[in-house]
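Have a look at the structure below, then the notes.
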Amino acid sequence: MYARPTEEPGTGSRRPADTAFGKPSNGFTVSILVTGGAGFVGSNLAMKMKGDGHRVVALDNLKRRGSELNIARLAEAGVEFVHGDIRNKEDFPSEPFGLVLECSAEPSVTAGYGGDSPEYLINTNLAGTINCLEFARRHASDFVFLSTSRVYPMAKLSNLRYSEGETRFELEGKQPFPGASGHGISEEFPLGGARSLYGATKLASEMFVEEYREAYGIKAVVNRCGVVTGPWQMGKVDQGVFALWMARHYFRAGNLAYIGYGGEGKQVRDLLHIDDLFDLVRLQTGDLETFDGGIFNVGGGKDVSLSLRETTELCREISGNEIKIGSDPETRRADIPVYITDCGKITELCGWRPKRGAEATMRDIFEWISSNETLVKRTLTA
């Protein structure tokens, strides 16, 4: 644990820090601003940080359906809530915070396509992040940015070599690009090429994080997250598919389909339990000297991955329900057959690796739905 000096806003001088991050020791606590704090990731991290004894404020515009359900949970956990939008500088709190945990985003990879304007996506995911960085600069806050695996170009990911098994596509060991292997995608994977409007906003934000770190001495970490899931995720097909799949089975709601790549459901993603992500964020914020400036691929890895077909079988087994799954062979724009996170860099640095497997994660989602049927049915089956 450490307590670093921080700058007084606008002075360039240093002030004594009130805390060390991570789990407090010796009675010290830190004030943490969590942007996107009523979303799935933000709310869970905010409550867990509060559970470690910190003062936590969650800032959110409540645009995403289901985020309003987290307000009561945040209050019960002792997290302060501010209804505001990171696109608006005046919505940020006036007081300084020791740490900004940037979880806000328009998370849909399909946002801006099909005739939709990309304006909200760009203003939230890029301009909004710059507003968060400006807040951190003014108050000399440390900065943890949650980015995405979608920063990697679609064409290159789609051209990876993979074999077709009975239930899934499998990455081959020898690949045409550096940073790709049978273990998945590492940080060395080339970034040249189109990646989706969503991915572009997040990659551009990563660049601004690095520039602010260099220009203003902000300690900063970037985590390129794979598919984060778990209880309280209001899942959609384009973001939160594992929670959605379990909910549709639980409520026997149907309206699911295997889309693309022949419509057989063999596309694969690794999944990361929200508690495993928190374990990493706690490590990072507890020792930012070690992690400062790092960009890390963060996901479940090959051992915690599922195809859609395997997800269906797991949902049937856990829920006891079987629903009809449709099939559409046409591949959608911005889809890829396989994405597995290679977490080797972060594991080598600090020993972190996911503790929760795919089945345990899906059972956690099932138990959450079972305990909150009335509350979540209208959101997860719409």
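Here the contact order of the stretch 31-78, divided by its residue count and restricted to Cα pairs under 8 Å and six or more residues apart, works out to 45 percent.
Gain on full extension, evaluated as 0.36 nm per residue between GLU313 and GLU134 minus their Cα-Cα distance, stands at 59.8 nm.
If I take all pairs of Cα atoms in the chain, what percentage of them are more than 28 Å from each other? More than 28 Å apart: 43 percent of the Cα pairs in the chain.
Computed extension length for GLU367-ASP328: 11.0 nm, one decimal, from 0.36 nm per residue of separation with the Cα-Cα distance subtracted.
Distance between the pseudo-spin-label points of ALA204 and ARG161 (7 Å out from Cα toward the beta carbon): 3.6 nm. Building the convex hull from the alpha-carbon atoms of the stretch 311-363 and averaging its projection over directions returns 5.6 nm². Dipole magnitude for the stretch 247-335: about 580 debye, using +1 per Lys or Arg Cβ and -1 per Asp or Glu Cβ, origin at the Cα centre. Structural descriptor for the stretch 189-265: relative contact order 11 percent, calculated from alpha carbon pairs under 8 angstrom and at least 6 residues apart. Start at zero, step by 10 Å, and the Cα-Cα distances of the stretch 106-164 spread as 17, 35, 29, 15, 4, 0 percent across the bins. Relative to the longest principal axis of the Cα atoms of the chain, the long axis of helix 40-51 lies at roughly 50 degrees. The Rg/Rh ratio of the stretch 149-283, with both radii computed over alpha carbons and Rh defined as the Kirkwood radius, is 1.00. Rounded to the nearest 0.05, what FRET efficiency do LYS174 and ALA253 have when you use their Cβ-Cβ distance and R0 = 35 Å? After rounding, the FRET efficiency stands at 0.25.
Packing, taken as the mean count of other beta carbons within 10 Å per residue, orders the peptides 93-103, 324-334 from highest to lowest as 93-103, 324-334. For the chain, the longest principal axis of the Cα atoms and the long axis of helix 274-286 meet at an angle of about 30 degrees. Would you mind checking the tilt of helix 308-319 against the longest principal axis of the Cα atoms of the chain, expressed as 0 to 90 degrees and rounded to 10? Once rounded, the angle reads 90 degrees. The modelled label-to-label distance between TYR120 and ALA72, using points 7 Å beyond Cα along the C-beta direction, is 2.5 nm.
Amide H contacts of GLU106: ASN125, each under 5 Å away and 5 or more positions distant or on a separate chain (H built 1.01 Å from N in the peptide plane; Pro and chain starts excluded). As a length-normalised measure over Cα pairs under 8 Å and 6 or more apart, the relative contact order of the stretch 95-209 settles at 33 percent. Extending 7 Å from the Cα toward the beta-carbon at both ASP303 and HIS83 defines two label points whose distance is 4.5 nm.
Summing charges over neighbours of GLY184, with a neighbour being any other residue whose Cβ is under 9 Å away from its Cβ, gives -1 when K and R count +1 and D and E count -1. Rg then Dmax, both in Å and based on the Cα atoms of the stretch 73-126: 14.5, 42. Comparing LEU271, GLN239, VAL82 along the charge dipole axis of the chain, the residue lying farthest to the positive side is GLN239, per the Cβ-charge model. Considering all different alpha carbon pairs of the stretch 241-319, the Kirkwood hydrodynamic radius works out to 14.8 Å.
The alpha carbon gyration tensor of the stretch 40-114 gives principal lengths a ≥ b ≥ c with a/c of 1.5 or higher and a/b greater than b/c, which makes the shape prolate. Among the listed pairs LYS174/LYS355; LYS202/LYS345; LYS236/LYS302; LYS324/LYS355; LYS63/LYS345, which are separated by more than 25 Å between their Cα atoms? From LYS174/LYS355; LYS202/LYS345; LYS236/LYS302; LYS324/LYS355; LYS63/LYS345, over 25 Å: LYS174/LYS355; LYS324/LYS355; LYS63/LYS345.
Stokes-Einstein diffusion for the stretch 264-382, with the hydrodynamic radius set to the Kirkwood value over Cα pairs and evaluated at 37 °C in a medium of 0.692 mPa s, equals 198 µm²/s.
Throughout, read-outs are computed from the coordinates displayed, never taken from laboratory work. Keep in mind it's a predicted model, so treat the numbers as computed, not measured. Neighbour counts run over all protein chains shown; Cβ positions are idealised from the backbone, glycine included.
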